[in-house]
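Novice: Dropping the structure in here first, questions after.
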């Protein structure tokens, strides 16, 4: 059977031609929704959030296009170094981080203050993608093939859970598990792991969850399970979030007309609870629109992953899109009280520099994967190989 | 190799689609959740959101005023100039008070209170720095307010008792409610009662007519944020407070004040009554206190001083004090004797200064006796021997009936708390009280208003009014649009004429016990009256030996009470006055104040002048 090798664009104009404009448009829509909502929760003001969001989104956008131009070989080359760098930053946070809201998540590098955990989300995916690109298919379901990725996932997860940041830890674990699954782990193995996992859950149940989680995390779990019994007032914010969403109704109270979001019933409206402000002002219609855009973004990511020829690009794209979708599920699930309180922002809409830049960088990699979908870098290739 | 690769591609595609499917399901789940919250349950959450958004700030009502019969406000509301401090705007409270110090000097304990309040509440709630400021202080703070960040001059309302002590016992006073007041009120009033600066009636008319005076609170709808700070006011969605109704008294502020001044520092009381309608024109108890002291919170020292004063300023003697009526009661005995025809008016008895009953001797107040006395002279000279005999002829049961009919021992509700009934004894009462039989000696004592009989100044005024007008008047404190003359009491005109004639001669004829009061002081007007003395302590033989001969030699609290009841004009009685001076040492302590008060009320004649209800004049008996 004759094989028709499709070409890979090599020059910048050619690559720009191959840009996935659908995905770009969807991302710009979300960014614009973010700017609008940040303008609204500031009481109809560009200060202090909306204007920064515009700048960050713009910077991220340029970065995203730039990243998309690099060939897969480059990312394969930097995958391990970037991962090791992110790991070092996480250790730095542990040693010498800035504590904000009781969590040590930030590292101060002179003018730049950043959350290494956000960088790690991408670095982890790159490292796993590189690993599985090089791993022969028949080694995926072996102990020797499985140990390195578990180590790659486990080290940052252990560091982040100690910050403490349960949300990001779960996100990393979910992404890692999804990548291993997509790399082709055999079903029988998955069944065994699931069985062991179930036994573990039962074991934890018998041992007591309170011996594992921090006190505040335990309180959140209790509050989530018993919304009416709330002596500590832990459900105040989740309940206010649901009131904010629910009071929006079908079409919302109108742009800038949200009362819950303006009167301070929710903390940090501009970050984790931004979706409730959107639901209040634009109602069910607005909320569904944002969910639909996100669903389309996820679908685009899956389509791109399937269209890629190299295992590196496939695994990378799936990993990134998994991380992204998890963000959305956890955030919306939390603010609608489907999940306990976990501090996870809604990407591209919530205020927060590192998250915007990290997510845009991730989509840069996905756009790059789309451009270079036909590239087939050899296995075991090194930097610039 | 190639086949392997294709199989790998297929496997990846399958799993990617599986993942996409799972993701799609998750999105559907989130969408369903949004549908449930925002479409199915939106009404519930919208209500909760509005509950969050709006607050109703209570607007306290203006308290109704208390007016005298001519509409003069005796309990009013006046503007209270106060200074509020909002810590959020002022910054550090202590330094804000320092900046205020030149204009408003504060004591250390006041500073302490303000700082304590500031610590205990949210910083955007106002704190009252000072209340009830004089105009100069308030004006200077107003002038400098722009430089005093967070300091707000404000005008509130506070109760003001225009006549101070003169009305203190009748109208009472208001104070901030205590927990008991709150428990005794309906639950929905609690918010108003707990409102800062709100006060409720504690005594007198203020508490008796609380329901009318209070009014209804309004509510100002405000939009608030999560911390309770007011974002904006929504006056069009608010309800205005409804001021309390005014209460109109039958009292005449002029007479009330005059009577209060006339009694001076004596431990005394006076009641002035319209003899035809029973309207109370004055109801005075001295010494009094300034009810304004209670409104702002009386100091413990001031309150103890009032409580420990042996002249009992907190006691409403006019309605709560009960005393043996003494000789004033002889009017009742005379009426009973004539009505039951146990003696004719012109029938005479001999008074030798004492009489024997079994082995007991009963003395007349005049040891040398009155000689031959008829009804008129007996009343005029207050002859005890005559009334011992007459009372004995009437008998205790008929005496009891007549006394009650005249108001002694009768219960009156004048619409404020504390009215005491006194006591009119009869055999059944004595049996129940002391488990002893009634003796003729008891009748003797009752016949001269001593022994077991006691009456309040209010009852004495009723008794006098009933004698004067022949009408069964009941005392009234609240003015009604229609106040018709009371029905006749059912005594024969002849009886009444003889009793009134006797009372007239007490003052107007030579030899009367109060003849020194004559002339009355108004041309063509005569007055009638009856003196009385209520014995507090018997001067013993030993004391008499030691030189104690008169009441003036005794310590104050052992001296006799002085009583006097009177009415005028004799020809056409309009007003009755009763005065009791505790430990006055004899009736003369009461006669002159009573005469002066009576003269003032007759000259002023408040009943025939248009009052608050201008159309009243015709309904009451005119000057004829």
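Novice: Nearest 10 degrees is fine. How inclined is helix B:2-35 to the longest principal axis of chain B, computing both from alpha carbons?
Specialist: Tilt relative to chain B: about 20 degrees.
Novice: How would the range B:210-300 be classified by its alpha-carbon gyration tensor: rounded, prolate or oblate, with rounded meaning a/c under 1.5 and the a/b versus b/c comparison settling the rest?
Specialist: Note, shape of the range B:210-300 comes out oblate.
Novice: Using the scaling law 2.2 N^0.38 Å as the reference, what is the normalised Cα Rg of the range B:43-202?
Specialist: Ratio of Cα Rg to 2.2 N^0.38 Å: 1.27.
Novice: Spin-label point model (7 Å from Cα, Cβ direction): what's the residue A:198 to residue B:180 distance in nm?
Specialist: 7.1 nm
Novice: Same structure, new question: When chain A is modelled as a GNM with alpha-carbon springs shorter than 10 Å, which of A:182, A:120, A:316 fluctuates the most?
Specialist: With Cα springs under 10 Å in chain A, the top fluctuation among A:182, A:120, A:316 is at A:182.
Novice: Can you work out the base-10 log of I(q)/I(0) for chain B at q = 0.07, 0.09, 0.11 1/Å, using the Debye formula on its C-alpha atoms alone?
Specialist: With one equal scatterer per Cα and no solvent, log10 I(q)/I(0) is -0.59, -0.82, -1.04.
Novice: Compute the distance from the alpha-carbon center of the range B:83-105 to that of the range B:240-264, in whole Å.
Specialist: 40 Å
Novice: Testing the spin-label approximation: label points 7 Å from Cα along Cα→Cβ at residue B:17 and residue B:139. State their distance in nm.
Specialist: Roughly 9.2 nm, to one decimal.
Novice: To one decimal place, what orientation-averaged projected area in nm² is obtained for the convex hull of the Cα set of the range A:17-371?
Specialist: In nm², the orientation-averaged hull projection of the range A:17-371 is 18.4.
Novice: Follow-up. Is the shape of the range B:469-606 best called rounded, prolate or oblate, per the rule: a/c under 1.5 gives rounded, else a/b larger than b/c gives prolate, else oblate, with a ≥ b ≥ c the square roots of the Cα gyration tensor eigenvalues?
Specialist: It is prolate, given that a/c is not under 1.5 and a/b is the larger ratio.
Novice: Could you compute the FRET efficiency for residue B:348 and residue B:440, with r as their C-beta to C-beta distance and R0 at 22 Å, rounded to 0.05?
Specialist: The value I calculate is 0.50.
Novice: Work out how far the C-alpha atoms of the range B:430-495 reach from end to end along every principal axis, then list the three figures in whole Å, largest first.
Specialist: Here the Cα extents, ordered largest to smallest, are 49, 31, 18 Å.
Novice: Decide, for the protein assembly as shown, between rounded, prolate and oblate: order the square roots of the alpha carbon gyration tensor eigenvalues as a ≥ b ≥ c, take rounded if a/c falls under 1.5, and otherwise choose prolate if a/b is larger than b/c, else oblate.
Specialist: Prolate is the answer for the protein assembly as shown, as a/c is 1.5 or above and a/b outweighs b/c.
Novice: Assuming 0.36 nm per residue, please report the length gained on full extension of the stretch residue A:161 to residue A:174 beyond their Cα-Cα distance.
Specialist: On the way: separation 13, 0.36 × 13 = 4.68 nm, distance 1.39 nm.
Gain on extension, residue A:161 to residue A:174, equals 3.3 nm.
Novice: Follow-up. Rounded to two decimal places and with Rh computed the Kirkwood way over Cα pairs, what is Rg over Rh for the range B:448-548? Can you show the working numbers first?
Specialist: Working: Rg = 18.2 Å, Rh = 16.8 Å.
That ratio equals 1.09.
Novice: Give or take rounding to whole Å, what are the principal axis extents of the alpha carbon atoms in the range A:254-353, in descending order?
Specialist: 52, 26, 25
Novice: Among A:371, A:349, what is the fewest-to-most ranking by other Cβ atoms within 10 Å?
Specialist: Details: A:371 24, A:349 28.
Fewest-to-most Cβ neighbours within 10 Å comes out as A:371, A:349.
Novice: With each pseudo-label sitting 7 Å past Cα toward Cβ, what's the residue B:112-residue B:231 distance in nm, one decimal?
Specialist: 4.2 nm
Novice: OK, next. Compute the helix-to-body angle for A:116-134: its Cα long axis versus the longest principal axis of chain A, expressed 0 to 90° and rounded to tens.
Specialist: In chain A, helix A:116-134 runs at an angle near 30 degrees to the longest axis.
Novice: Evaluate the relative contact order of chain A (contact order divided by residue number), counting alpha-carbon pairs under 8 angstrom at least 6 apart; express in whole percent. The partial results should precede the final answer.
Specialist: Values: 545 pairs, mean separation 113.8, N = 385.
After rounding, I find 30 percent.
Novice: R0 = 56 Å: FRET efficiency of residue B:356 with residue B:610, Cβ-based, nearest 0.05?
Specialist: Values: r = 59 Å, r/R0 = 1.06.
Once rounded, the FRET efficiency stands at 0.40.
Novice: Give the calculated FRET efficiency between residue B:56 and residue B:25 to the nearest 0.05, with a Förster radius of 45 Å applied to their Cβ-Cβ distance.
Specialist: In this case the efficiency is close to 0.45.
Novice: Could I ask something else about it? Just to be sure I follow: if Rg is taken over the C-alpha atoms of the range B:80-156 and Rh is the Kirkwood radius over the same atoms, what is Rg/Rh? Let's see the in-between values first.
Specialist: Values: Rg = 11.2 Å, Rh = 12.2 Å.
We get a ratio of 0.92 for the range B:80-156.
Novice: Could you tell me how many degrees, from 0 to 90 and to the nearest 10, lie between the Cα long axis of helix A:187-207 and the main elongation axis, the longest principal axis, of the Cα atoms of chain A?
Specialist: Result, in degrees: 30.
Where a number appears in this text, it was derived from the coordinates with a stated rule and is not lab data. For clarity, every value in this text was computed on a predicted model and none was experimentally measured. All Cβ positions, even for glycine, are placed from backbone atoms using ideal geometry, and neighbour counts span all protein chains on display.
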